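Visitor: What follows is a single structure, and I will ask about it in a moment.
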Amino acid sequence: QVQVVESGGGLVQAGGSLRLSCTASGLSFDNYAMGWFRQAPGKEREGVAAISTGGGTTYYTDSVKGRFTISQDNAKNTVYLQMSSLKTEDSAMYYCAAGPVSAYWYDPSGYLWWGQGTQVTVST
């Protein structure tokens with residue numbers, strides 16, 4: 001069975017940095033893509049970043065391009081989201097997900113397994 005667990009959230013001042021980690025057990029990065037989503041109170045869940053099967057291609061929503069970087073460590077079965085130049089509007093619960101993603105990377109329906117979430121709060 002597959003288990004997805006993310007960590008690394010916390011409280012940070014605007015302009016600061018955080019790195020989120022996600023460990024996916026029971027699946028291979030050779031067969032599934034990994035994505036990061038976030039959801040703030042009163043907002044819809046949105047795709048933040050994703051990395052393709054095998055790690056050859058990355059995707060980002062426009063609001064985080066140039067500030068966030070998704071990467072993976074195949075040996076550790078771990079995907080990371082490095083977040084820099086954080087803004088208050090980045091505050092949200094962040095979720096890691098894994099799945100085949102045959103359509104759009106930002107569509108949650110393409111992901112089969114989800115983590116429990118880790119809270120990111122950016123203060124002024």
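Visitor: So Gln39 ticks every box in (1) open to solvent by less than 60 Å² (accessible area, probe 1.4 Å); (2) within 18 Å of Ser123 (Cα to Cα) but one. Which box is left unticked?
Guide: (1)
Visitor: Another question, then. Out of Tyr32, Tyr59, Tyr94, which single residue is among the aromatic types (Phe, Trp, Tyr), open to solvent by 30 Å² or more (accessible area, probe 1.4 Å), touching a residue at least 24 places away in the same chain (Cβ under 8 Å) and closer than 16 Å to Gly115 by Cα?
Guide: Tyr32
Visitor: Of all residues in the range 35-56, how many are within 19 Å of Ser109 (Cα to Cα) and without any contact (Cβ under 8 Å) to a residue 12 or more places away in the chain?
Guide: So the count comes out to 1.
Visitor: Checking Ala24 against (1) of a type outside the set (Asp, Glu); (2) open to solvent by 10 Å² or more (accessible area, probe 1.4 Å); (3) more than 10 Å from the chain's Cα centre (by Cα); (4) closer than 15 Å to Lys76 by Cα, only one condition comes out false. Which one?
Guide: All conditions are met except number (2).
Here is a yes/no grid of residues against (1) at pLDDT 95 or above; (2) outside any strand (DSSP E or B); (3) under 15 Å from the mean Cα position of the chain (by Cα):
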position: Trp36; (1), (2), (3): yes, no, yes
position: Lys43; (1), (2), (3): yes, yes, no
position: Ile70; (1), (2), (3): yes, no, yes
position: Leu81; (1), (2), (3): yes, no, yes
position: Tyr94; (1), (2), (3): yes, no, yes
position: Ala97; (1), (2), (3): yes, no, yes
position: Gln116; (1), (2), (3): yes, yes, yes
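The values are calculated or read from the model by the stated rules, or taken from the named source; none is laboratory data. As the structure is a computational prediction, the values presented were derived from the model and not from experiment. Note that each Cβ is placed from the backbone with ideal geometry, even for glycine, and that neighbours are counted across all protein chains shown. Heavy atoms of the whole protein, side chains included, go into the accessibility calculation; ligands, DNA and RNA do not. Shrake-Rupley method; radii C 1.70, N 1.55, O 1.52, S 1.80 Å.
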